[in-house]
1. Express the relative contact order of the stretch 3-179 as a whole percentage, based on alpha carbon pairs under 8 Å and six or more residues apart in sequence.
2. Amide H of V43: which non-local residues (sequence gap of 5 or more, or other chain) have their own amide H closer than 5 Å, using H built in the peptide plane?
3. Once you place label points 7 Å from the Cα toward the Cβ at L6 and W24, how far apart are they in nm?
4. What does the C-alpha gyration tensor say about the overall shape of the stretch 37-104? Classify as rounded when a/c is under 1.5, otherwise prolate if a/b is larger than b/c, or oblate.
5. Can you find, among Q36, V139, V126, the residue farthest towards the positive end of the dipole of the stretch 1-152? Put +1 on the C-beta of Lys and Arg, -1 on that of Asp and Glu.
6. Mind telling me which of P35, P20, P51 comes out most flexible in a GNM of the chain, alpha-carbon contacts under 10 Å?
7. Per q in 0.14, 0.20 Å⁻¹, report the Debye log10 I(q)/I(0) for the chain, using one uniform scatterer on each alpha carbon and no solvent.
8. Sort 167-178, 90-101, 61-72 for me by packing, meaning the mean count of neighbouring Cβ atoms within 10 Å per residue, highest on top.
Amino acid sequence: MDRVRLEGYAFLAGFIACVPAANWLIGHVGTVCVPQGPCLIPVAPGGITAPSGVLMIGLALVLRDMVQRRLGKLWTLGAIAIGAALSGLVAPPALVAASMVAFMLSELADFAVYTPLQKRGLVLAVVASSLVGLCVDSVLFLYLAFGSLDYLAGQIIGKAWMVLLSVPLIRLLRDRDERRGIQPA
């Protein structure tokens with residue numbers, strides 16, 4: 001198996017692993033766990049918090065783009081479907097619908113932005129598509145799961161941190177691909 005496909009499968013496995021990790025984190029890890037609500041983590045100064053799953057969902061948005069870069073659109077759409085189904089299987093019962101709908105629609109929004117932008121530059125495509133995806137995910141998940149947008153700022157900031165932290169790695173991947181003449185799938 002060539003290195004590019006192997007990397008694609010690694011990105012795919014990471015993407016799929018983000019779903020159960022996010023759902024587990026939201027119910028088990030945080031500086032405070034709200035009764036009948038999420039466990040929260042600080043994401044910015046001033047007491048801005050977010051449900052702890054935000055870190056994994058921010059990472060999932062970036063990994064989705066890498067799956068598409070390495071394996072192509074069909075693999076990516078399949079990964080989104082698997083991720084949404086897995087989200088429904090591993091989410092706490094009260095969060096199943098919110099988790100599945102938010103995951104599916106945010107990843108499709110990411111796909112819709114990334115696909116045309118990737119020709120203009122990998123870093124631009126990843127950042128722009130992830131920002132769109134994280135906003136869609138944040139609004140939908142919070143509204144459907146909790147009936148409020150109380151944690152919206154924290155959701156957006158927490159996911160954006162993961163996107164920003166990925167930029168140096170995305171640039172390294174892009175530069176390596178260019179040196180080796182590797183084209184996106």
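Every number here is computed from the coordinates shown, using simple stated rules; none is lab data. Because the structure is predicted, anything quoted here is derived from the model rather than measured. Reconstructed Cβ throughout: ideal geometry from the backbone, glycine too, with neighbour counts over all protein chains shown.
1. Values: 275 pairs, mean separation 42.9, N = 177.
Reported as a whole number, the value is 24 percent.
2. Amide H neighbours of V43, under 5 Å, 5+ apart: I48, T49, A50.
3. Each label point lies 7 Å from its Cα, and together they span 2.6 nm.
4. Numbers: a/c = 3.89, a/b = 1.47, b/c = 2.65.
Judged from the Cα gyration tensor, the stretch 37-104 comes out oblate (a/c at least 1.5, b/c at or above a/b).
5. V126
6. P35
7. Log10 of I(q)/I(0), two decimals: -0.70, -1.32.
8. Numbers: 167-178: 13.7, 90-101: 17.6, 61-72: 24.9.
Top of the packing list down: 61-72, 90-101, 167-178.
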